[in-house]
Amino acid sequence: MVAFMTRLAVPLIVLAQLFGTSLWFSANAAAASLVREWGLSTGDIGLLTNAVQLGFIAGTFGFAFSGLADRFPASRIVAACAAFGAASNAAFALLATGLADASVYRFLTGIALAGVYPLGMKLVVGWAPKRAGEVLGWLVGMLTIGTALPHFVRATGSSWPWSHVVLASSALALLGAAMVLWLGDGPHFRVSGKGAGIRFGAVRAAFRIPAFRASAFGYFGHMWELYAFWTLAPFLLAGIAARFLRPLYLLSYNKWYFDELYEATVVNGTKAFSRALGWFDNHVVDGLVNLVARVGVWVSFLAGRFDDSVVDGSVNGVANATIGSGSFFRRFQTGKIYHYVFVLAGGALILFLVKAF
């Protein structure tokens, strides 16, 4: 049973840390709604964030100077702090009406987180001391993901009111508290200060131990690197980045000059082609059309003259000849029989003569 619980303990603690640390930036996931409903500025949202950080610092100092973490089981402290953080976070969602009281609730949430994240490391050592380094990496990773979890909740339930997004973090923290409380402390955990009074000066005695002093100052340096150096690093690298990355920045800022390239090739090419088509239409097509029109005019003129002079002249000539010949031969039509006999005789004589000769 102990072996099974040992294998189960690390995933449960890591998952509980993920749920518990979701309280950290729950207000930031609701920042847009708070700005709109409470009229907060960007600086006010920063104050809410700093309230959690100040509470975490105060809670951490409280645990360090009081020795409470050594006087009570780690699982109970983590569960109690996660439940307290869930309650203060829920109070922020349901009771806060402005920046002042919201900052108080967020400060209390930060104090609660001081008993969730650091004590989670002690809880792991009680269950798997030989995997402490490995699991520490998992806990830091869950801290990173857990603090971003409210933003994931906001994205999946984008139509939710902001208070529901914040309350979702409280529900997750309560679930993490229940998991840790059910798991309990590992077989390697020992309560060293049980029954002793709170001694706020005991921390000085701890720093007299060389190994603890070395690891503590090493961790302080790591925290400076994490929260100070890497905050300043972008500003330190800004000059270098501005010099070496400026060409890439200009390419990106100008959209890789696709607009200029499109203007120079497609747009200007289309304009040149349209101008060429316009010139061809004006000088070639219109010229051919005008030429055909002029030739048509001349052909129609010549056809008209031919019709008037030749065709109509021929028709009129035939008509006039018919009229003239009719008038001429009409003289021989007297109506007397001997005239017709004379014509027949004359015709017969002509035929005889033609036949004879």
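Brief remarks follow.
- Calculated FRET value between A348 and S327, using beta carbons and R₀ = 25 Å, to 0.05: 0.40
- Using θ = phi - 60° in the Karplus curve 6.51 cos²θ - 1.76 cosθ + 1.60, the 3J(HN,Hα) couplings for the range 258-268 round to 5, 5, 5, 5, 5, 5, 6, 9, 6, 5, 5 Hz; x is entered for Gly and Pro.
- Protection proxy ranking, peptides 21-32, 207-218, 133-144, average beta carbon neighbours within 10 Å, highest first: 21-32, 133-144, 207-218
- The range 67-120: C-alpha pair distances exceeding 14 Å, %: 52
- Averaged over residues, the count of other Cβ atoms within 10 Å places the peptides 301-309, 74-82 in the sequence 74-82, 301-309, highest first.
- Applying 1/(1 + (r/R0)^6) with r as the Cβ-Cβ distance of S309 and L288 and R0 = 41 angstrom yields a FRET efficiency of 0.85.
Each reported figure results from applying straightforward, stated rules to the coordinates on display, with no laboratory input. Worth saying up front: this structure is predicted, and the values here are computed from it rather than measured. Counting neighbours? That spans all protein chains shown, and the Cβs are built from the backbone with ideal geometry, glycine included.
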